[in-house]
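*Asks:* Here it is: the structure, laid out below.
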Amino acid sequence: MGKNLVEKIIENHIVSYNDDEIGIAIDQTLTQDATGTMAYLQFESMNIKRVKTKLSVSYVDHNTLQDGFENADDHNYLQSFAYKYGLLYSKAGNGICHQVNLERFGRPGWTLVGSDSHTPTGGGIGMLAIGAGGLDIATSMAGAPFFMPKPKVINIKLTGTLQKWVSAKDIILKVLQILTTKGNVGYIIEYSGDGVKTLTVPQRSTITNMGAEVGVTTSIFPSDEKTFEFLKAQGREEHYIPLSADEDAVYDKVIEINLNELEPLIAKPHSPDNIDTVKNLEGTKVNQVLIGSCTNSSYLDLMTVATVLKGKKVHKNVSFGVAPGSRQVFQMIASNGALGNIILSGARILESACGFCIGAGQAPQSKAVSLRTNNRNFEGRSGTKDAFVYLVSPEVAVASAIFGEITDPRKLGDYPDIKLPENYITDDSMVIEPANVEDFESLEVLRGPNIGLPPKTEPLSQDIMGVATIKLGDKITTDHIMPAGSKLKYRSNIPKYSDFVFEGVDSTFAKRALLNKAGNVANFIIAGASYGQGSSREHAAICPMYLGVKAVIVKSFERIHKANLINFGILPLTFVNESDYDKIDAADKLEFVDIYNTIKEKRDIVLLNTTKQLEIPVALDVSDRQRETLLAGGTLNFIAKQSK
Ligand code: MIC
Ligand code: SF4
């Protein structure tokens with residue numbers, strides 16, 4: 001029986017194999033500044049002298065607004081940490097981590113874990129690239145394997161060729177329409193079929209990037225001539241290896257998409273799987289159009305946009321912003337004159353950074369219709385609670401910016417048909433090499449006042465007595481749990497950042513939770529399906545932990561968030577009978593009796609709702625390693641216990 005591509009890469013990296021999970025060796029890690037400080041503070045607490053991966057890169061791309069000293073303090077810490085501990089440091093302005101990593105550092109066949117949910121962008125060049133919480137990146141840098149349940153593989157077979165004006169974004173929007181954002185935990189998507197050959201690396205990485213929204217562990221394309229051409233043009237042909245599935249490879253599910261049949265698609269507010277055709281929404285007035293983010297800001301994307309804009313003006317009622325994904329893209333479009341066309345059209349040129357995508361700037365007007373090329377349109381993420389954000393391809397974005405209303409780009413006539421360059425401009429001078437001195441141990445890591453301490457957790461107690469501090473519905477995202485945007489600058493200050501937990505959902509939550517904690521009353525979070533969708537931010541576990549949350553009881557979890565809860569000693573429990581969700585109301589008193597031994601001895605867990613006098617069975621679906629971690633009160637305690 002032949003092997004699929006995922007199996008082949010895993011086989012090359014496997015270091016442990018149990019019934020409940022596998023452990024793989026990690027070649028490369030990446031972090032960004034909003035998750036990096038915490039990851040590195042945790043790494044420092046492990047007392048390891050230098051990173052043990054083949055390559056680790058620390059990027060700065062999220063907190064670049066610097067409206068106060070906090071972001072700059074973080075950057076300073078990150079740079080000095082990288083210098084001392086052996087990482088590359090990509091300075092603010094060099095670009096968005098996933099775009100830069102793809103261009104300069106990713107390698108086919110390597111494993112990559114990154115403290116950002118869009119790390120799977122690397123799957124576009126045949127990497128097994130997985131997003132995880134910061135603490136999992138820290139342990140990978142310390143040389144530990146990365147653990148996950150043995151993945152199931154969905155094969156998406158692409159046939160045919162995209163029609164003019166239909167783009168890679170439309171392929172992934174189609175995938176989101178088919179698979180939705182729910183119910184795909186534990187799967188990896190592997191692309192194959194004749195259609196793959198027709199897609200360039202930037203197109204492939206748009207698709208793997210937004211696979212994060214499907215909730216799969218990662219997505220991957222084969223490594224072939226297109227991968228070779230891309231790496232060669234980046235001056236890195238020596239990093240190429242061919243990789244593909246065997247002819248008779250077996251998959252857990254197969255889906256076919258005929259590229260010829262696709263048309264321009266759009267994700268309507270407020271979920272990336274709320275898909276419609278652009279044609280159906282044509283004529284809707286648009287207030288803002290933003291092109292950029294790690295999904296769609298490559299050279300290919302911006303050249304397409306610039307070519308369309310040549311000699312045209314943006315509609316008078318549209319605020320139009322463009323953020324090139326990396327300094328390389330910026331430099332390329334500046335040198336060939338394309339940037340001039342974009343500027344002349346009336347665009348606002350934004351920094352090569354996450355910016356608007358994470359609500360850091362460019363918040364639209366009240367009730368605005370905002371068209372964006374990024375990957376998430378959760379309510380409020382743009383910074384304006386009542387805005388309507390739609391996700392589209394750069395082609396749809398630019399057509400709509402010109403006409404001032406949602407526009408099918410096929411109206412624009414001649415398709416630009418951009419060819420990728422034979423040589424990209426490569427200048428890595430904004431990537432700082434680590435110290436190469438004998439006595440790097442004496443080097444100082446710089447800590448401004450914004451740099452706090454890594455959070456401390458406590459072992460699981462014998463009993464947990466508490467209250468349902470909040471009850472929520474389905475699809476609660478980590479943006480709901482731990483808002484980013486203007487609050488991002490507090491990422492390195494847990495007590496301060498914790499004030500904003502569930503801010504947009506129930507602004508009284510943090511205060512109430514802290515009061516309970518002070519009175520020795522545990523906080524429980526109750527929610528529906530797909531709890532913890534979206535980002536990898538471990539602060540969505542750390543800050544609730546700081547506020548005294550001991551258990552989260554839901555219908556189902558998303559992968560990264562569940563792992564983060566375990567890392568910080570919060571019990572991730574699911575209802576055995578989903579209908580029991582209705583047996584708990586907010587403010588009900590809840591209890592676990594003898595929970596420590598129950599979990600240790602793998603007995604059935606019963607939650608007592610003492611307000612309603614009900615017994616509710618709940619399940620803890622974790623590996624043995626995770627069970628021990630929870631008993632110890634989180635990963636750092638578990639590691640400390642093991643090394644005694
Ligand atoms: C996001 O797109 O939500 C982020 C901001 O990049 C997050 C990481 C974070 O919260 O720092 C992600 O996707 O993991
Ligand atoms: Fe940055 Fe947006 Fe990509 Fe997250 S999704 S890494 S915020 S560009």
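The values are calculated or read from the model by the stated rules, or taken from the named source; none is laboratory data. As the structure is a prediction and not an experimental result, all values here were calculated from the model. Quick reminder, even Gly has a Cβ in these numbers, built from the backbone with ideal geometry, and neighbours come from all protein chains shown. For the accessible areas, the whole protein counts, side chains as well, though only heavy atoms, and no ligand, DNA or RNA atoms are used. Shrake-Rupley method; radii C 1.70, N 1.55, O 1.52, S 1.80 Å.
*Asks:* Just need the Rg to Rh number for the chain, please, alpha carbons only, Kirkwood Rh.
*Replies:* On the way: Rg = 23.7 Å, Rh = 24.8 Å.
My calculation of the ratio gives 0.96.
*Asks:* Relative contact order for the chain using alpha-carbon pairs under 8 Å, separation at least 6, rounded to a whole percent? List each step's numbers first, then the result.
*Replies:* On the way: 1614 pairs, mean separation 93.1, N = 644.
With pairs under 8 Å counted, the relative contact order is 14 percent.
*Asks:* For a quick protection proxy, order the peptides 103-112, 146-155 by their average other-Cβ count within 10 Å, most packed first. Walk me through the intermediate numbers first.
*Replies:* Values: 103-112: 24.6, 146-155: 19.9.
Most protected by this proxy first, the peptides run 103-112, 146-155.
*Asks:* Then there's this: Is the shape of the range 128-252 rounded, prolate or oblate, going by the alpha carbon gyration tensor and its root eigenvalues a ≥ b ≥ c, with a/c under 1.5 for rounded and a/b larger than b/c for prolate? It would help to have the intermediate numbers written out before the result.
*Replies:* Details: a/c = 1.64, a/b = 1.18, b/c = 1.38.
Judged from the Cα gyration tensor, the range 128-252 comes out oblate (a/c at least 1.5, b/c at or above a/b).
*Asks:* If a/c stays under 1.5 just call it rounded; otherwise compare a/b with b/c (prolate if a/b is bigger, oblate if not). Do that for the range 127-182, with a ≥ b ≥ c from the square roots of the Cα gyration tensor eigenvalues.
*Replies:* On the way: a/c = 2.80, a/b = 2.44, b/c = 1.15.
Note, shape of the range 127-182 comes out prolate.
*Asks:* For the chain, with all protein chains present and a 1.4 Å probe, just round the carbon and sulfur fraction of the accessible area to a whole percent. Provide the component values of the computation, followed by the final result.
*Replies:* On the way: 11470 of 23530 Å².
Carbon plus sulfur share of accessible area: 49 percent.
*Asks:* Please give the peptides 612-625, 87-100, 405-418 ranked by average Cβ packing (other Cβ atoms within 10 Å per residue), highest first, as a rough proxy for protection. Can you show the working numbers first?
*Replies:* On the way: 612-625: 14.8, 87-100: 26.2, 405-418: 17.0.
Put in order of decreasing packing, that is 87-100, 405-418, 612-625.
*Asks:* Over the range 319-359, what is the mean sequence separation of C-alpha contacts under 8 Å (at least six apart), divided by residue count, expressed as relative contact order in percent?
*Replies:* Numbers: 33 pairs, mean separation 24.0, N = 41.
It comes to 59 percent, rounded to a whole number.
*Asks:* Continuing with this model, one more query. Output the relative contact order of the range 1-122, whole-number percent, from Cα pairs under 8 angstrom with separation of 6+ residues. Write down the numbers at each step before the final one.
*Replies:* Details: 160 pairs, mean separation 37.6, N = 122.
Computed value for the range 1-122: 31 percent relative contact order.
*Asks:* Right, here's the next one. Which residue, chosen from Pro617, Ser486, Asn564, occupies the Cα position most advanced towards the positive end of the dipole of the chain, where the dipole is computed from +1 (Lys, Arg) and -1 (Asp, Glu) charges on Cβ about the Cα centre?
*Replies:* So the residue we want is Ser486.
*Asks:* Here is a follow-up. With respect to the cross-link table entries Lys312/Lys411; Lys8/Lys169; Lys169/Lys385; Lys310/Lys419, which display a Cα-Cα separation exceeding 19 Å? Can you show the working numbers first?
*Replies:* On the way: Lys312/Lys411 14 Å; Lys8/Lys169 28 Å; Lys169/Lys385 25 Å; Lys310/Lys419 17 Å.
Violating the 19 Å limit, Cα to Cα: Lys8/Lys169; Lys169/Lys385.
*Asks:* Once you order the gyration tensor axes a ≥ b ≥ c over the Cα atoms, which shape class does the range 402-558 get: rounded for a/c under 1.5, otherwise prolate or oblate by comparing a/b with b/c?
*Replies:* Values: a/c = 2.75, a/b = 1.32, b/c = 2.09.
Since a/c reaches 1.5 but b/c is at least a/b, the shape of the range 402-558 is classed as oblate.
*Asks:* Please work out the average accessible area per residue across the range 455-527, using the 1.4 Å probe convention, and give it in Å². Could you put the intermediate results ahead of the total?
*Replies:* Numbers: 3070 Å² over 73 residues.
That works out to 42 Å² per residue.
*Asks:* Oh, and also: For Lys316, list the lysines whose Cα falls under 17 Å from its own Cα; do not include residues on the same chain fewer than 8 positions away.
*Replies:* List returned: Lys285.
*Asks:* Percent antiparallel among DSSP beta bridges with both residues in the range 18-160, to the nearest 5?
*Replies:* Working: 3 of 17 bridges.
Here the share of antiparallel DSSP bridges comes out near 20 percent.
*Asks:* Please report the base-10 log of the normalised intensity I(q)/I(0) for the range 72-191, using a Debye sum with one equal scatterer per alpha carbon and no solvent, at each q in 0.19 (1/Å).
*Replies:* Once normalised to I(0) and log-transformed, intensities are -1.24.
*Asks:* In addition: Based on DSSP H runs of at least 4 residues, each adding -39500 (n - 2.57), what is the mean residue ellipticity at 222 nm of the chain after dividing by all its residues, to the nearest 500 deg cm²/dmol?
*Replies:* Numbers: 22 runs with 185 residues, N = 644.
The per-residue figure over the chain is -8000 deg cm²/dmol.
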